[in-house]
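Report on one structure; see the data block that follows.
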Amino acid sequence: MINLLQLDRTVFSWINRDCSNPFLDVMMPLVTHLGDSSVVWLWIAGIGLIMSFQLAPRFRNRPRSVMIKAVVSFCLFMAVIYVVNAGVYGGLKHLVHRPRPFVGQTETVRVISDSALHLNRNSSFPSGHASNAFMIAVLLAGRFRRGRWAIFGVASLVALSRVYLGVHYPSDVIAGACLGLVITWFMLSLRAPDPRC
């Protein structure tokens with residue numbers, strides 16, 4: 001039987017070290033910020049704005065306050081999804097407390113030293129960035145069904161960037177991505193469909 005931890009480390013080293021190149025060294029630190037906790041709030045506001053443009057034609061003959069109420073209630077619901085998502089992966093980080101790949105190893109870390117010191121204080125498993133990225137991907141895919149593969153492709157790139165930058169193992173980002181998907185799908189399924197939308 002293959003040692004899964006060893007496989008995790010082998011894949012990590014391949015992505016982190018063997019796949020490195022100058023283009024990815026510039027691109028991956030930018031891509032990774034799409035899953036930052038602070039950026040999630042911008043995503044939520046952006047999805048609300050997109051939703052208002054998409055719903056405007058349907059609410060043409062109704063008071064504007066009805067549409068605003070629908071958009072604001074969905075933005076609040078997205079915020080609740082994010083809080084639950086962050087609570088679950090934050091709780092798992094404290095329970096598992098897996099050291100980051102760069103702790104006690106000679107792996108390449110492609111984040112600034114201040115960020116590495118901050119990251120060293122919390123657990124590697126699961127990846128919050130991957131969870132955030134896939135949560136946002138589910139929410140965006142609901143607005144842009146035709147572009148859902150591209151949206152999930154970008155979310156996958158955010159997850160991959162965490163391994164490339166040397167701050168997560170592949171299993172960390174896979175677990176984070178699964179959490180983001182499952183929690184968001186589950187919570188959306190609990191929400192009663194709005195007949196006005």
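The values are calculated or read from the model by the stated rules, or taken from the named source; none is laboratory data. What you see is a predicted model, and the numbers here were worked out from it, not measured in a lab. Every residue, glycine among them, receives a Cβ derived from its backbone with ideal geometry; neighbour counts consider all protein chains shown. The area values use the complete protein model at the heavy-atom level, side chains included, leaving out ligands, DNA and RNA. Shrake-Rupley method; radii C 1.70, N 1.55, O 1.52, S 1.80 Å.
Run the numbers on the chain and let me know its relative contact order in percent, using alpha-carbon pairs under 8 Å that are six or more apart. Relative contact order for the chain comes out at 31 percent. Evaluating 6.51 cos²θ - 1.76 cosθ + 1.60 at θ = phi - 60° for every residue in segment 173-181, the Karplus couplings come out as 6, 5, 4, x, 4, 4, 4, x, 5 Hz, glycine and proline recorded as x.
Taking the Cα centre of the chain as reference, the dipole from Cβ charges on Lys and Arg (+1) and Asp and Glu (-1) amounts to some 1000 debye. Annotation: amide H-H contacts under 5 Å for R98 (H modelled 1.01 Å from N, sequence separation of 5 or more, or interchain): S124, F125. The calculated 222 nm mean residue ellipticity attributable to helices in the chain amounts to -22500 deg cm²/dmol, summing -39500 (n - 2.57) over DSSP H runs of n ≥ 4 and dividing by all residues.
With the simple model of a label 7 Å out from the Cα in the direction of the Cβ, C19 to V66 spans 4.9 nm. A value for percent of Cα pairs over 23 Å apart was derived from the coordinates, and within the list (i) 39; (ii) 47; (iii) 43 it appears as (ii). Between the beta carbons of R143 and L190, assuming R0 = 25 Å, the FRET efficiency works out to 0.85 to the nearest 0.05. Relative protection proxy for 63-72, 34-43, 18-27, 135-144, from highest mean packing down: 135-144, 34-43, 63-72, 18-27 (other beta-carbon atoms within 10 angstrom).
Of H33, H168, H97, the order by accessible heavy-atom surface (1.4 Å probe, DNA, RNA and ligands excluded), from most exposed downward, is H97, H33, H168.
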